[in-house]
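These notes concern the structure reproduced below.
The values are calculated or read from the model by the stated rules, or taken from the named source; none is laboratory data. In this text, all values refer to a predicted model and were calculated from it rather than measured experimentally. Note that we place each Cβ from the backbone using ideal geometry, even for glycine, and neighbour counts take in every protein chain shown. For accessibility, only protein heavy atoms count, side chains too; no ligands or nucleic acids. Shrake-Rupley method; radii C 1.70, N 1.55, O 1.52, S 1.80 Å.
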Number of protein chains: 2
Amino acid sequence: MYALALHGGAGPRPAGWSGAREQRVRDALARALEVGRALLSDGGSALDAVTATVAALEDDPLFNAGRGAVRTRAGTVELDAAVMDGAALAAGAVAVLRRAKNPVKVARAVLERTAHVLLAGDGADAFAAEVGAELVPQSYFLSSAAPSSDDEAAHGTVGAVALDRHGHLAAATSTGGMSGQRPGRIGDSPLIGCGTYADEQCAISTTGHGEWFIRTVQAYDIAARMRYAHVSLTVAVESAVMQRLPTLGAAGGLIAVDRAGTLCMRFNTAQMYRACVREGNEPEIAITA
Amino acid sequence: MYALALHGGAGPRPAGWSGAREQRVRDALARALEVGRALLSDGGSALDAVTATVAALEDDPLFNAGRGAVRTRAGTVELDAAVMDGAALAAGAVAVLRRAKNPVKVARAVLERTAHVLLAGDGADAFAAEVGAELVPQSYFLSSAAPSSDDEAAHGTVGAVALDRHGHLAAATSTGGMSGQRPGRIGDSPLIGCGTYADEQCAISTTGHGEWFIRTVQAYDIAARMRYAHVSLTVAVESAVMQRLPTLGAAGGLIAVDRAGTLCMRFNTAQMYRACVREGNEPEIAITA
């Protein structure tokens, strides 16, 4: 049995929303889902599936990650990503990356080729070059069709979670940050336990108000509810996303999967771009609640 | 009632250890403890106490934070710090800072003056300059008496946790990273939920093998055990530090305090530089188990 979910960000309905735009987003979500699904169907690992799914979303200018990344207040693009392999409790992440085409692939290289978890800034770019990651000029991002308004930008962070046929779980998240953010700001996406987490019982990727998801250590909070309160993934996600976060004024959502292949895609915003598939079932693509 | 604990790092006994060195470390720990204790005794906040205590440790070349920071493989000094206010669930952190004399004060400024939690690299240095933080050349660090061998460096990360008379908790951590680390590497210290965490029930600061403390989301794991398994701080710390972490091969320790003023200072290494005080009691200073 395999299961896969992805998100393309949560937030309010963007200004200028249209049926044509909705179709473009749905098509993009379906294409990225199929990339990961095909790998899982062939017996590939959850880690490979989330990496490839997120890389596909990074290549699409519709999302605020990789190519479609928004700009900082300095007009630059800074990219963050993380990946975690639940079976090995191994993680890799990058932040404030400026030259890598696919930040999630560089995060994966941090996991596989270093003794570290998180590399940031110039050191992360130097590492990307060292491991042969595909580098692009800032104009690759700046010339894309990235949305420039804040509310559209809020929909952009991307992520994926997967269970593979070997019973292993993995999660990955990638973002271009907040439109107009201070250079050097790191949100929750690349932070293990906050925006991305996976262990032997669940895998989580979040999207939304990153600073709140850091303060609530949101991704690991889901795992901890399961581990210590002995509740199901569904109950853990419901309590966190629909009860605790709104109490704090924290807007956003998350996707999660457990080792039985249970999929959760919950959000307390108007919409969350999302898609999921379980072996033997048709893919689901959805945007609004 | 107030309570305060601090650490100056956990690890193996350094090479060349001597009675004279032990006395210098004990004196330094006692001085830093008194800085925070005096503030708490005057009714000051836990947030002020942990900030001032960690700043005092940063100014002492005996510890791998601030002045005594170790060097990366590029020969540079990169500084990380975080502070969290448990009552407000507010946090500020900086990473890969190169010019600020007291990283913990810059982390405090991130908490108080921005909508963000974590700033890294050039953007963090620019922010430090913008808020008037004291800046120093890299030679301030490089000219210090910082230890250069790996095992001494392992003893350096500093941190503090406090309960103030208003019943509020706070935690702060600061580090110069790992000796010889890749430039841009960020360990657990500045990561909320990993090396530093505080909420209404407990405050935690860790020290040790940073990458493992990221993978286990160690600081928040203690809070989650209390919140969801309903165990005491002492039981939560014992289970995590003395049972789970050794199983993973993760060496280190942590300090913690709960809202009743219970203090924990546990480590699975040969020693952890540490000190604590509760209102009405004599300070305790200790190094070995």
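Some notes on this structure:
- Of all residues in the range A:253-289, those satisfying the criterion of being open to solvent by 20 Å² or more (accessible area, probe 1.4 Å) and among the small types (Gly, Ala, Ser) are A:Ala260, A:Ala270, A:Gly280, A:Ala286, A:Ala289.
- Selection from the range B:176-218 of residues that are hydrophobic (A, V, I, L, M, F, W, C) and facing chain A (nearest Cβ under 8 Å): B:Ile186, B:Leu191, B:Ile192, B:Cys194, B:Ile214, B:Val217
- Within the range B:195-210, residues that are among the charged types (D, E, K, R) have Cβ atoms under 6 Å from residues that are buried (at least 24 other Cβ atoms within 10 Å of the Cβ) and not in a strand (DSSP E or B) in these pairs: B:Asp199/B:Gly86; B:Asp199/B:Ala223; B:Glu200/B:Gly86, counting only partners at least 6 apart in sequence or on another chain.
- Number of the exception - B:Ala133 against (1) in a loop (DSSP other than H, G, I, E, B); (2) at pLDDT below 95; (3) buried (at least 16 other Cβ atoms within 10 Å of the Cβ): (2)
- Flag for A:Glu58 being within 14 Å of another protein chain (Cβ to nearest Cβ) and buried (at least 24 other Cβ atoms within 10 Å of the Cβ): no
- Selection within the range B:73-83 - open to solvent by less than 30 Å² (accessible area, probe 1.4 Å) and in contact with a helix residue (DSSP H, G or I) (Cβ under 8 Å, 6 or more places away or on another chain): B:Val77, B:Leu79, B:Asp80, B:Ala81, B:Ala82, B:Val83
- Whenever a residue of the range B:105-123 is more than 7 Å from chain A (Cβ to nearest Cβ) and open to solvent by 70 Å² or more (accessible area, probe 1.4 Å), its partners that are assigned to a helix (DSSP H, G or I) and not basic (Lys, Arg), lying with C-beta atoms within less than 8 angstrom and at least six residues away or across chains, give the pairs B:Lys105/B:Thr51; B:Lys105/B:Ala55.
- Scan the range A:74-104 for residues that are touching a Pro at 6+ places or on another chain (Cβ under 9 Å), closer than 17 Å to A:Gln181 by Cα and within 11 Å of chain B (Cβ to nearest Cβ) and the total you get is 7.
- If you check A:Glu279, A:Glu284 for being in contact (Cβ under 8 Å) with a residue 12 or more places away in the chain and more than 14 Å from A:Val161 (Cα to Cα), only one passes: A:Glu279.
- Scanning the range A:186-210 for residues that are of a type outside the set (S, T, N, Q) and surrounded by fewer than 23 Cβ atoms within 10 Å (Cβ to Cβ) yields a single hit, A:Glu200.
- Scope the range A:1-47; condition in contact (Cβ under 8 Å) with a residue 40 or more places away in the chain and of a type in the set (Ser, Thr, Tyr); matching residues: A:Tyr2, A:Ser41, A:Ser45
- Of all residues in the range B:132-143, those that are β-branched (Val, Ile, Thr) have Cβ atoms under 9 Å from Cβ atoms of residues that are open to solvent by 60 Å² or more (accessible area, probe 1.4 Å) and part of a loop (DSSP other than H, G, I, E, B), 6 or more apart or on another chain, in B:Val136/B:Arg99.
- For A:Ala224, the conditions (1) over 27 Å from B:Ala124 (Cβ atoms); (2) touching a Leu at 6+ places or on another chain (Cβ under 8 Å) all hold with the exception of (2).
- Note on the range B:206-229: residues that are out of contact with any strand residue (DSSP E or B) (no Cβ under 9 Å at 6 or more places or on another chain) and small (Gly, Ala, Ser) total 2.
One line per residue, one yes/no per condition, for (1) modelled with pLDDT of 95 or more; (2) more than 14 Å from chain B (Cβ to nearest Cβ); (3) within 20 Å of A:Leu254 (Cβ to Cβ); (4) in a loop (DSSP other than H, G, I, E, B):
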{"site": "A:Leu6", "(1), (2), (3), (4)": "yes, yes, yes, no"}
{"site": "A:Gly16", "(1), (2), (3), (4)": "no, yes, no, yes"}
{"site": "A:Arg21", "(1), (2), (3), (4)": "no, yes, no, no"}
{"site": "A:Gly44", "(1), (2), (3), (4)": "yes, yes, no, yes"}
{"site": "A:Asp48", "(1), (2), (3), (4)": "yes, yes, no, no"}
{"site": "A:Thr72", "(1), (2), (3), (4)": "no, no, no, yes"}
